[in-house]
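Below is one structure, written out as structure tokens; the observations come after it.
Bear in mind these aren't lab numbers, they're just calculated from the coordinates by the rules spelled out. It should be emphasised that the depicted structure is a prediction, and the values quoted were computed from it without experimental measurement.
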Amino acid sequence: MKIGQAFKMAAKSIFANVGRSVLTMLGIIIGLAAVIILVSYAQGQNAAMKAYYESMGTNTIQVSASTWGSSINVSQSLYDYCLGMSDKVVGVTPNGEIYDNMKIAYESKVLTNEDWNTRVAIYMGNDQYGMCNDFKIARGRELSYLDIEKLNQVCVLGSEAAQQIFSFADPIDKTITIKGIPFRVIGVYQSKAAGKNLGTSQDNQWILDEIKRKDRMILIPSTMTRYFNNNQPIEQYVVKVKNSDDI
């Protein structure tokens, strides 16, 4: 059978049963459209989740460590142990967060943590906090080991926190107060959310908001727990390893 004859027979069959032909075509179109939409949605969700987990840092594990029935701080012991595994471990940091509703002030500007959408989280870490949590310094410097040991009242700001507190002014060497205690700003982290376009779906926008929330933070030395946390030891840590296969 020639190709021309095949087309003629197909056309006759279609026009002889127009209703059935239209319904068949409609079913195929709807089916293909549904598959394309679902595949696109799944790819968008995968990209959004990948961006979210990348913002948390790669090759990291969360550790909970404490001493039974004692308030002894195990930070130094865990720190020394992990750094002793130099063939696998790159760094370790406390990952404590202060949940109290405390005022953050700079001159006449005051922030409170009452609104979750604008809340600035206050974390307690050490000199390896940025590396372990995939934060990179944009201006100034990271916390140092001496800052931790000497209880220096210094802090590093996330990009959104710097914007909320200082607007467009340079925050380096400025002094803010947290719960009335002065802290000198020594550094500002790069934004984790900058340049990320995750699409317009509601779920992807929620993930992007969660990434932006990581930029609304202030890092202070972990030894400041004695002032902000009734001297309670930090139990949550982040350990960064050289290769995920080593875990």
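Points to keep in mind about this one:
- Long pairs among LYS212/LYS240; LYS103/LYS174; LYS150/LYS192; LYS212/LYS242; LYS103/LYS136; LYS150/LYS212, criterion Cα-Cα beyond 24 Å: LYS150/LYS192; LYS212/LYS242; LYS103/LYS136; LYS150/LYS212
- In order along the range 80-96, the Karplus-derived 3J(HN,Hα) couplings, from 6.51 cos²θ - 1.76 cosθ + 1.60 at θ = phi - 60°, round to 5, 5, 5, 5, x, 8, 5, 6, 10, 9, 8, x, 8, 8, x, 10, x Hz, and Gly and Pro are given as x.
- Gain upon complete extension [LYS179, LYS103; 0.36 nm per residue less C-alpha separation]: 26.8 nm
- The range 120-187, Rg to Rh (Cα coordinates; Rh as Kirkwood inverse mean 1/r): 0.93
- As computed over the range 97-151, the Cα convex hull volume per residue (Å³): 134
- Normalised by 2.2 N^0.38 Å, where N is the number of residues, the C-alpha radius of gyration of the range 79-129 stands at 1.67.
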